[in-house]
Structure formats: C-alpha cells, structure tokens
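Read the structure below first, then the notes.
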Ligand SMILES: *Cc1c(COP(=O)(O)O)cnc(C)c1O
C-alpha cells in the first residue's frame, strides 16, 4: 500500500533527494568513494558547499551583504547563539509557541527580554497582531511557522530593529524578502534535508556589537570567515540539502512552491471546514499554516478520534497524530509532499464521515 508521509519532522523529502543521496553514499562525484568517507576539504565536497550556497542565494534572492552558513547543533543551538552574538541591552520576542518559548528562555540568560505579545492565552492558536516593537531592542525575534500549533506568519513583517526569524519549518515554502531580516535560521529536517545541518542566513554587518568574549564555535564570525568550514560540517545532510535545492530550482523555485502549497493546504482546510466530524484548531484564515495543518474532532465526536486514527493508518496515512500539546491530528504538508497525498487524506476523511455519521 502507498504510504502518505505527514510527519512534522524529520519529514518527507523529495524522492530526487533520497535517490541522489543514496547514489552518493556509494559513489560520490565519480570518486569511487562514499560521500561519507571523503574529506570535507576535498575539491569535490567544497564544490557541494559552494553550489548549495549559490542555490540558496538564487532561490531566496539573498543580497550580497549576507552570508549563508551550514552549521551543526540544530535550530535549538541558534536559540542561544543569537543572543550570544546580538544581545547588548535588551531583546524583543514574539511568543507564538513552544519553539518561541525555548528561544525566549535562552535569551533571558543574557538580560532583559521584552515579550511584545503572546498567543498563549488561546493555546497559541493565532498570531498576535497590533503589538509594537521597542525601538531600543537589539533585535526582534519571531518564529514564522509554528510547527506544533499550525500557525504561520506568511508575510515579511516590518521591524524598526534587526529582525531575526526561525524559519525551520517554512523555509523555501514561499518567496521572502531577505533584506527585511538580519538573521534567518532553521534546522533542515522539515523542508530541506535530513536532520543534522542548520542553515543561517546572516547580514554581515549585524555582528561585532557585544562586549563579551564569544567561544569560537558560538561566534558567527568564525563561520562566516571560514565559509562553514571552520570545523567538519555535517557533510551528508549538506549533500542532501543540495539535492533538494536542485529539485526546488527544477520545480520553478519558491514562487511555484508557494502556489502548490496554497493549493494543497486549501484542499485540506476546505475538507476540515466542510466535514461535520472535524474542525480546525486555527480559525483565522490568515494565521493558518500552509505547512502544518492541525485539526480535532468536533464536539460530540471526540470519542471517534482513535477510530479515525486507526482508519487513516489503514489507508496509509503516516504521522498524522497531533502534538500532545494540541491533541487531535496534524498533517504536515511540506514542499516535498505530493498533492496526491493530500487528496488521499481528504478522501479518507470523507469516507470516515460517511461511515460514522
Ligand atoms: C523543529 C523546530 C525547531 C527545533 O529544531 P532542532 O533542529 O531540532 O533544534 C525549532 N524551531 C521550529 C520552528 C521547529 O519547527
């Protein structure tokens, strides 16, 4: 039976990425060696990093005064690295969920953190609006897509202070204006590559303001100067990321991705809104994520949750269990998820409704 992979992360990757990576595990760039057993400083691997950087720049239209870094440590290490490198007097954060809170916790170790707005009062089911960003903050941090709650800031906000964005789960899902951000970062395992590589897009002039010493590995400047080669980078995930970037170019880039993502998410939200057994946890259409779609059983039908999970599993739906802090279901519809998988889930929901109401 065909499996439909709705995991939130690690998550579905293009078949192209998996096949090319599998080939390179056996024979990398005609070397007769595995990509896992060649020097990261070999000319063949340097070419991989160079091309991945070039495609990152092309796909996102990254201005020349920004660097693209491939680091280890996951997005979670960035939660600390950002204040370590940018925090002088005070930082501002938007609290939109678990990941935002984790970032806030790290920043608080460096001093005053102004949480300008929070959606915690309604279990993070919306994106706060109408807040003001303090002009004396060293930076303002947002999480553009809240993977757990299914909310998303689908536009580039204007910030009077340097804007820092965790885009772990929506990078390359839509066009962005990089010039509005000082730093964009994320773990690769949602929309780009296997776990292990963290991308950082950083405006070069944002650094150099902190007075304290920075441990070498925690200093962005180290990695900018060494072009991600200060230490051994995660070679296999970087190789795989390059394949996904090539796939993205071939598919028409982020504009084309966005069109498909809008279409896929629309199919599923429409069915959730129509189906008498299900309801979305995020009500406001403008806040609904195109990447993680959360839904629960409607009132009076809560007892059918387990039955739907089992029915959907029997139809090949994988990874649709909601995060424990939201409950219900979450279907992640990342770039690599084919439209057919969304159509199959919609058909499964319709069939379940027919049999159960
Ligand atoms: C998954 C995720 C993280 C955590 O990433 P790690 O690479 O596991 O540290 C952070 N932020 C968001 C928005 C995520 O989806």
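Observations on the model:
- P(r) weight above 16 Å for the range 134-193, C-alpha pairs, percent: 42 percent
- Spacing of the two label points (7 Å from each Cα toward its C-beta) at residue 357 and residue 33, in nm: 6.0 nm
- In this calculation the C-beta distance from residue 90 to residue 284 is compared with R0 = 35 Å, giving a FRET efficiency of 0.70.
- Inter-part distance where the range 1-30 and the range 328-350 are each reduced to a Cα centre, Å: 19 Å
- Residues 247, 99, sorted so that the one with the fewest Cβ neighbours within 10 Å comes first: 247, 99
- With the cut-off at under 15 Å, measuring from each backbone N in the range 288-327 to a point 7 Å along the Cα-to-Cβ line of residue 340 picks out 316-317.
- When you work out D = kT/(6 pi eta Rh) for the chain at 20 °C and 1.002 mPa s, using the Kirkwood radius from C-alpha pairs as Rh and the Stokes-Einstein form, the result is 101 µm²/s.
- Separation in nanometres of the label points that stand 7 Å from Cα toward Cβ, at residue 135 and residue 179: 2.3 nm
- Segment residue 262..residue 250, full-extension length gain: 2.4 nm, with 0.36 nm per residue of separation and the alpha-carbon distance subtracted.
- Residues listed by number, the range 1-38, amide nitrogen under 16 Å from residue 229 label point at 7 Å toward C-beta: 38
- Spin-label pair residue 214/residue 3, simplified geometry with 7 Å Cα→Cβ offset, distance in nm: 4.1 nm
- Computed on the range 79-130, with alpha-carbon pairs under 8 angstrom and 6+ residues apart, the relative contact order is 38 percent.
- Expected-Rg normalisation [2.2 N^0.38 Å, Cα atoms] applied to the range 230-343: 1.27
- Derived from the Cα gyration tensor, the three semi-axes of the equivalent ellipsoid of the range 256-314 are 23, 14, 9 Å, largest first.
- Scoring 167-173, 309-315, 197-203 by mean Cβ neighbours within 10 Å over their residues and listing the highest first yields 167-173, 197-203, 309-315.
- Tensor-based shape of the range 17-58 (alpha-carbon gyration tensor, a/c under 1.5 rounded, otherwise prolate or oblate): oblate
- Working from Cα pairs under 8 Å separated by at least six residues, relative contact order for the range 218-336 is 20 percent.
- Pairwise Cα distances in the range 44-162 exceed 24 Å in 36 percent of cases.
- Over the chain, Cα pairs under 8 Å with separation of 6+ residues give a relative contact order of 24 percent.
Bear in mind that the values in this text are calculations on the coordinates, not laboratory data. Note that the structure is a prediction, hence the values are computed from the model and not measured. Methodologically, a virtual Cβ is constructed for each residue, glycine included, from the backbone with ideal geometry; neighbour enumeration extends over all protein chains shown.
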